[in-house]
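> Got a structure here, written out as structure tokens. Questions coming.
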Amino acid sequence: MARSSIAIFGGGCFWQVEEDFHHLDGILKTEVGYMGGDFKNPTCEDVCSGNTGHAEVVKITFDEKKLSFGTLLDKFFDSHDPTQKNMQGPDIGEQYRSVIFYTSEAQRKKAQEKIEDINNSEKYNKKIVTQIVPSKEFYLAEDYHQQYLHKRGMTSCRFTSSI
């Protein structure tokens, strides 16, 4: 029987972040939405205004017997540039920040350790700016955003090859 857990990541446009995760063995469900702001029931338009404090995120339900949080962190840090503050590729704004919304103390600790390891490895010329913050209320994005790239037969919407 699957032992499911939740991981929540923001690493730019949620379309790409979801695509990077949804096909992994052990992923039970992905949902895109908004987290981190104080505005209740935000829409895409609200979040894109830059006035809500929310990030575009992917809520990942995964089977801990098949996939560890550590493996998800590896994928997360390999799938975007965690040294860029409030932007990824052509997307600029706080809603595109690199962020891990932890759901447990174990996740917080593992995320901090991962960032320390990456910074110590000198993989990047700059330090990681990824925020590690407690999860807040998750607001499901509009239906047309769910599995956006997958529904269109696309695997990427990246405009750069810097990753």
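The values are calculated or read from the model by the stated rules, or taken from the named source; none is laboratory data. Owing to the predicted nature of the structure, the values given are computational and were not obtained by experimental measurement. FYI the Cβ positions are ideal-geometry reconstructions off the backbone, even for glycines, and counts take in every protein chain you see. What goes into the accessible areas is simple: the full protein's heavy atoms, side chains included, and nothing from ligands, DNA or RNA. Shrake-Rupley method; radii C 1.70, N 1.55, O 1.52, S 1.80 Å.
> Just one of (1) open to solvent by less than 50 Å² (accessible area, probe 1.4 Å); (2) over 22 Å from Gly153 (Cα atoms) trips up Gln112, so point out which.
(1)
> While we're here: When you check Phe77 against the structure, is it assigned to a helix (DSSP H, G or I), within 16 Å of Phe9 (Cβ to Cβ) and of a type in the set (A, V, I, L, M, F, W, C), yes or no?
Spelling it out, Phe77 is indeed assigned to a helix (DSSP H, G or I), within 16 Å of Phe9 (Cβ to Cβ) and of a type in the set (A, V, I, L, M, F, W, C).
> Testing Leu73 on (1) touching a strand residue (DSSP E or B) at 6+ places or on another chain (Cβ under 6 Å); (2) open to solvent by less than 30 Å² (accessible area, probe 1.4 Å); (3) not hydroxyl-bearing (Ser, Thr, Tyr), one condition comes back false. Which one is that?
(1)
> While we're on this one: Looking at this structure, is Tyr144 part of a helix (DSSP H, G or I) and either over 15 Å from the mean Cα position of the chain (by Cα) or surrounded by 14 or more Cβ atoms within 10 Å (Cβ to Cβ) (or both)?
yes
> May I ask you to verify whether Ile163 is of a type in the set (Val, Ile, Thr) and at pLDDT 95 or above?
Taking the combined requirement at face value, the residue does not satisfy it.
> If a residue must be assigned to a helix (DSSP H, G or I) and either open to solvent by 100 Å² or more (accessible area, probe 1.4 Å) or of a type in the set (Phe, Trp, Tyr) (or both), how many such residues does the range 115-132 contain?
2
> Identify all residues within the range 75-109 that are among the basic types (Lys, Arg), over 15 Å from Gln131 (Cβ atoms) and more than 12 Å from the chain's Cα centre (by Cα); write none if there are none.
Lys109
> Residues to consider are Ser98, Ser79, Ser104, Ser121; find the one that is polar (S, T, N, Q) and more than 21 Å from Phe21 (Cα to Cα).
Ser121
> Ok, one more. Which of (1) out of contact with any strand residue (DSSP E or B) (no Cβ under 9 Å at 6 or more places or on another chain); (2) open to solvent by 80 Å² or more (accessible area, probe 1.4 Å); (3) at pLDDT 95 or above does Ala106 not meet, given it meets every other one?
(2)
> Test of understanding: among Ser98, Ser79, which residue is closer than 21 Å to Ile6 by Cα, open to solvent by less than 20 Å² (accessible area, probe 1.4 Å) and touching a Pro at 6+ places or on another chain (Cβ under 6 Å)?
The conditions single out Ser98.
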